[in-house]
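The values are calculated or read from the model by the stated rules, or taken from the named source; none is laboratory data. Everything numeric in this text was worked out from a predicted model, so none of it was measured. Neighbour counts run over all protein chains shown; Cβ positions are idealised from the backbone, glycine included. Quick note on the areas: whole protein, heavy atoms, side chains included, nothing else; ligands and nucleic acids left out. Shrake-Rupley method; radii C 1.70, N 1.55, O 1.52, S 1.80 Å.
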Amino acid sequence: MYSLGFHRNNKKELCVQGIPISDLVQKYGTPLFIYDSKLMEERYNTFVETISVVKGNIHYAVKANDALAIISYFSKLGSGADIVSIGEFEKCVAAGMSPQKIIFSGVGKENSEIEIALKNNILQFNIESEEELDDIFKVASKLKLNANICLRVNPNIAPNTHKKISTGDKETKFGIDFKSVNSIYKKLHELNYITPVGLAVHIGSQIFDFNFFYQAYLSLKNLADDLVSKGYKVPTLDLGGGIGINYENNQTPDFSSYKKILLDVFADTNYKLNFEPGRSLIAEAGILVTKVIRNKKTQDKNFIIVDAAMNNLIRPTLYEAYHKVEPVLKKNNSVIVTDIVGPICETGDYIALDREIEKVESSELLAIRTTGAYSSVMRSNYNTRADAKEIIIYDKRDYLIREPETVKELISKEKVVNYN
Ligand code: LLP
């Protein structure tokens, strides 16, 4: 029997579902993303239990990790999806999910995307402006198809997270301000081919102070109650995602405090609630395994140069994000303070700065933890680097779920122009 999630065997080697990581690397090489389906399932079930105190559905936020095998796994567990592009829609469908379980969010849906979503009878659009409503109305009336519309509200709450992932304050591009909600919601009732389904809020990601959720949810509920008292239909409230996870020591997210907030705000209400968790379902279930290329020592600093770079994991340099890094095989070597950097030619190409870690030699493996969410999905081919393979472990067996394009394949999609 093994413990849940990534764990060490008696040889102090990091394993997943009992399989040593080095065995997987031998088969697939590095850099390599590895996902543990067991931990995904545990997080999903805990989320289901958390929201069991209300009438709620889960719509996994596909942006966190859009690999078909990840979407289809959550779909198999019962989840719907929250998407922000028609590309994500196509991925959900390819993964076997019904469009009737898909919510289309995002500020910039194009008419062509709206058309595809309508023709496929998508569950609902979460819209972010009156202009967007007008566009959806035009497309829906042209096609003579009904669009279910939910208004995303901007509650003007800044939830004390990194500024690039804070979406609830009024300076951001997201949501409709409170003052405009009434008139737009009224308009939903007046337009043909438009069915009002409710209100939505998403104040940001990686939130630890759940008071912000409480404030946002309470103001959404009060707004909905007010609309209902005026005779409008508000069957659904969409509460977005955003639950913070612990990158330092892989503790379970604070689902019990979240449950308490749901009870405090929604216990006596009749609203159907939608949840859009991303990070809290998948982040901890992923690691990125990288090989040490070499150590470099200068007068001032130590560097461990590894074969994963900012094209595989941009979070450290984009958000100053912390990811725990540990040797796959612990040897009880002395600890050094070092930057862990990739081969890309930018000072910003780092995995960790001034990090304490056991000394490792060339060819040894490091595991970059908590890289299931917003990691591979934000990859690029910068510096003409092929990106990483991805595998999932299901029922103690490994499955290749994404084979990246080789440099040859990348080149084959470009053309040399004859300038003569
Ligand atoms: N719903 C909406 C409308 C969203 O915009 C997001 C995330 C979610 C749900 C899921 O939130 P989560 O449960 O994952 O916090 N790339 C950044 C995170 C961007 C989040 C964007 N929106 C990062 O690496 O931290």
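With respect to (1) modelled with pLDDT under 95; (2) surrounded by 17 or more Cβ atoms within 10 Å (Cβ to Cβ); (3) among the β-branched types (Val, Ile, Thr), the lone exception for Thr172 is condition (2).
Annotation note: Cβ proximity below 7 Å between a residue of the range 10-22 that is under 14 Å from Ile393 (Cα atoms) and assigned to a loop (DSSP other than H, G, I, E, B) and a residue that is open to solvent by 10 Å² or more (accessible area, probe 1.4 Å) and not aliphatic (A, V, I, L, M) (sequence gap 6+ or interchain) occurs for Gln17/Tyr2; Gln17/Lys38; Gln17/Lys396; Gly18/Tyr2; Gly18/Lys396.
Taking residues in the range 378-398 that are touching a residue at least 40 places away in the same chain (Cβ under 8 Å) and assigned by TED's automatic domain parsing to the domain that holds Asp307, and partners anywhere that are away from the ligand (no atom under 16 Å from the Cβ) and open to solvent by 80 Å² or more (accessible area, probe 1.4 Å), the pairs with Cβ atoms closer than 6 Å and at least 6 places apart or on different chains are Ile392/Tyr399.
Looking only at the range 232-256, which residues are open to solvent by less than 60 Å² (accessible area, probe 1.4 Å), more than 13 Å from the ligand (Cβ to nearest atom) and assigned to a loop (DSSP other than H, G, I, E, B)? Scanning the range 232-256 gives Tyr232, Val234, Asn246, Asn250.
Quick one: in the range 315-347, which of the residues that are over 19 Å from the mean Cα position of the chain (by Cα) and closer than 30 Å to Glu41 by Cα is surrounded by the most Cβ atoms within 10 Å (Cβ to Cβ)? Per the criteria, the residue is Val328.
Could you go through the range 83-96 and let me know if any residue there is farther than 25 Å from Asn111 by Cα, out of contact with any Pro (no Cβ under 7 Å at 6 or more places or on another chain) and open to solvent by 30 Å² or more (accessible area, probe 1.4 Å).
Step one: of the range 83-96, the residues farther than 25 Å from Asn111 by Cα are none.
Taking every residue of the range 83-96 in turn, none turns out to be farther than 25 Å from Asn111 by Cα, out of contact with any Pro (no Cβ under 7 Å at 6 or more places or on another chain) and open to solvent by 30 Å² or more (accessible area, probe 1.4 Å).
Restricting the range 397-420 to residues that are open to solvent by 100 Å² or more (accessible area, probe 1.4 Å) and aliphatic (A, V, I, L, M) leaves a set whose member that is nearest to Phe74 (Cα to Cα) is Ile411.
Are any residues in the range 23-43 part of a loop (DSSP other than H, G, I, E, B) and closer than 30 Å to Glu276 by Cβ, and if so, which ones?
Selection gives Pro31 alone.
Listed here are the residues, each with its yes/no results for (1) among the hydroxyl-bearing types (Ser, Thr, Tyr); (2) at pLDDT 95 or above; (3) assigned by TED's automatic domain parsing to the domain that holds Ile392.
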residue	(1), (2), (3)
Gln17	no, yes, yes
Gly29	no, yes, yes
Ser52	yes, yes, no
Ser72	yes, yes, no
Ser85	yes, yes, no
Glu90	no, yes, no
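Scanning the range 317-335 for residues that are part of a loop (DSSP other than H, G, I, E, B) and acidic (Asp, Glu) yields one hit, Glu320. Arg152 passes every criterion in (1) in contact with a helix residue (DSSP H, G or I) (Cβ under 8 Å, 6 or more places away or on another chain); (2) within 16 Å of the ligand (Cβ to nearest atom) apart from (1).
Put simply, of Tyr394, Tyr382, Tyr350 the only residue that is open to solvent by 80 Å² or more (accessible area, probe 1.4 Å), within 24 Å of the chain's Cα centre (by Cα), closer than 30 Å to Gln17 by Cα and not hydrophobic (A, V, I, L, M, F, W, C) is Tyr394.
So that you can scan it fast, the table gives a plain yes or no per residue for (1) surrounded by fewer than 17 Cβ atoms within 10 Å (Cβ to Cβ); (2) assigned by TED's automatic domain parsing to the domain that holds Pro235; (3) within 24 Å of the chain's Cα centre (by Cα):
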position	(1), (2), (3)
Lys101	no, yes, yes
Phe104	no, yes, yes
Ile122	no, yes, yes
Ser141	yes, yes, no
Asn148	no, yes, no
Asn154	no, yes, yes
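May I ask you to verify whether Asp36 is at pLDDT 95 or above and surrounded by fewer than 22 Cβ atoms within 10 Å (Cβ to Cβ)?
Taking the combined requirement at face value, the residue does not satisfy it.
Note on the range 365-379: among residues that are open to solvent by less than 30 Å² (accessible area, probe 1.4 Å) and outside any strand (DSSP E or B), the one that is farthest from the ligand (Cβ to nearest atom) is Arg369. Pairs meeting the criteria (first residue in the range 228-256 and among the acidic types (Asp, Glu) and at pLDDT 95 or above, second residue open to solvent by 80 Å² or more (accessible area, probe 1.4 Å) and near the ligand (Cβ under 10 Å from one of its atoms), beta carbons under 7 Å, at least 6 apart or on different chains) are lacking. When Pro159, Pro196 are checked against the criterion of being open to solvent by less than 20 Å² (accessible area, probe 1.4 Å), of a type outside the set (Asp, Glu) and away from the ligand (no atom under 14 Å from the Cβ), a single residue qualifies: Pro196.
In the set (1) of a type outside the set (D, E, K, R); (2) away from the ligand (no atom under 16 Å from the Cβ); (3) open to solvent by less than 20 Å² (accessible area, probe 1.4 Å), Ala285 fails one condition alone, (2).
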